[in-house]
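First up is the structure itself, then whatever we jot down about it.
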Amino acid sequence: MIAILDYDAGNIKSVEKAIEYLGQDVRITRDRDEIFASEKVILPGVGSFGDAMGKLKEYKLDQVIYDVIDNQIPFLGICLGLQLLYESSEETPGVTGLGLLKGTIQKIPDSKGLKIPHMGWNSLEIKKDAALFKGIKEKPYVYFVHSYYLTAENEDEVAATTHYAVPIHASIEKDNIFACQFHPEKSSTVGLKILENFLSLKSPQKEGC
């Protein structure tokens, strides 16, 4: 079973439909036991960084996420779900993120001819041997909807990059943590392949979590 974390964020249902399309049993849940019984955990979301962190704490899902990571369960953050993995965001100064990864979340700067938020298809530069992009041809196009972007502190964790006014770290892989700034569930066959690659990752043996 695949768990999608339920913290009242937008875009969760479209991720659920994509996972179901790939033939997986999926639950939108905030139940700790159900989450720990899952093979994979996904944190999608569209919305405000500050509001999202407030909801994660309200439902005590922040601690669940830490425990999921500690137990080596494969974890995927999508869009806002990527940004929440970091310590803070320019979108909501003073609000502390999950702090699982090091980097900065900044507003995309104004640039002539480019609209903010960034909504549309951009190509990716993929890092060789990145797990999420196995079997995907070079420079695939994926769909973005965002006003803030990641610059990761450790470039070894960057699985894919794009450019929209500035260089953007568009996908991250570190141990059992995976994340995409773009929306694989809205990225046609390329996005479905990315999700399929995530679902194919080896899960740890559960020990009564």
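The values are calculated or read from the model by the stated rules, or taken from the named source; none is laboratory data. These numbers were taken from a predicted model, which means no experiment stands behind them. Counting neighbours? That spans all protein chains shown, and the Cβs are built from the backbone with ideal geometry, glycine included. Areas reflect the complete protein model, heavy atoms only, side chains present, ligands, DNA and RNA absent. Shrake-Rupley method; radii C 1.70, N 1.55, O 1.52, S 1.80 Å.
Does I19 satisfy the condition of being farther than 23 Å from T161 by Cβ and buried (at least 19 other Cβ atoms within 10 Å of the Cβ)? It is true that I19 is farther than 23 Å from T161 by Cβ and buried (at least 19 other Cβ atoms within 10 Å of the Cβ). Within segment 136-165, residues that are closer than 24 Å to G10 by Cβ and open to solvent by 30 Å² or more (accessible area, probe 1.4 Å) have Cβ atoms under 6 Å from residues that are of a type in the set (D, E, K, R) and at pLDDT 95 or above in these pairs: Y143/K186; Y148/E91; Y148/K107, counting only partners at least 6 apart in sequence or on another chain.
Give the residues of segment 118-135 that are in a loop (DSSP other than H, G, I, E, B) and surrounded by 17 or more Cβ atoms within 10 Å (Cβ to Cβ), sorted by residue number. The answer is L124, K127, A130.
The number of residues in segment 166-191 that are open to solvent by less than 20 Å² (accessible area, probe 1.4 Å), among the polar types (S, T, N, Q) and farther than 16 Å from I126 by Cβ comes to 1.
Restricting the first member to segment 176-197 and to residues that are at negative phi, and the second to residues that are of a type in the set (S, T, Y) and buried (at least 24 other Cβ atoms within 10 Å of the Cβ), the beta-carbon pairs closer than 6 Å and six or more apart or on different chains are C180/S171.
The single residue among I12, I19 that is among the hydrophobic types (A, V, I, L, M, F, W, C) and modelled with pLDDT under 95 turns out to be I12.
The single residue among E87, E91 that is closer than 22 Å to A152 by Cβ, part of a loop (DSSP other than H, G, I, E, B) and open to solvent by 70 Å² or more (accessible area, probe 1.4 Å) turns out to be E87.
Against the numbered list (1) open to solvent by 40 Å² or more (accessible area, probe 1.4 Å); (2) assigned to a loop (DSSP other than H, G, I, E, B); (3) farther than 22 Å from G10 by Cβ, K115 comes up short only at (3).
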